[in-house]
Every structure is written in structure tokens, then in C-alpha cells.
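Worksheet for the structure shown next.
Please treat every number below as a calculation from the coordinates, not as lab data. Remember, it's a predicted structure, so these values are computed and weren't measured experimentally. Reconstructed Cβ throughout: ideal geometry from the backbone, glycine too, with neighbour counts over all protein chains shown.
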């Protein structure tokens, strides 16, 4: 393998790692956003049923504040939120995990 081919291979590997890492970040971000939607929807449902006083309901969070809490979520919990929110099959979840595992 010549020097140019080695450079191209290392460049492609670095790009793949960067793509996988960015995907992991987006998985966490989407999980936070979808989790917030679930909480707001559940809160609205409770309010509609009259089961919880309005003062105790979950409000709509500030997206910037929500996304700043990204480091508090694990990848496993993020994948669980996505699976539940999107109705992912076991196969879909397994595909997502295979993609995320490429970062290792």
C-alpha cells in the first residue's frame, strides 16, 4: 500500500468516526426532545382528566436548557426513549446500536 492509499484510508476512518460520533450526539439530543414531548403530552392528558392541578403540570421546557442537560443522559437511556417514542422494533434498535458501536 502506498502512502497516498494509507492517507486515504486514515482519512475515511476519521470521517466515519466523526459521522458516528455526530450521530450519537443527535441520538442524545432527539431523546431529550422526544422525552420532553412525552412529558408535556402526559401532563396535558392528566390535566384533561382533571387528575392533577394546573400548577403541578409539566410546562414546555426551553429547548436550549433541555439540550444543555444532554450530558446527564446515557446512550442506553437515549436509545430507549427513541425506541419508545418512535415505536422502533427490536431490529431497528439493534441497527441503531450497531451504528453507535462503530464509534468504539
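Of all residues in segment 1-43, those being free of Cβ contacts under 8 Å to residues at least 24 places away in the same chain and closer than 21 Å to residue 79 by Cβ number 7. Elements of the type helices (runs of 4 or more DSSP H) sitting completely within segment 10-104 and holding at least 2 residues that are within 12 Å of the chain's Cα centre (by Cα) and surrounded by 12 or more Cβ atoms within 10 Å (Cβ to Cβ): these cover 75-86, 90-101.
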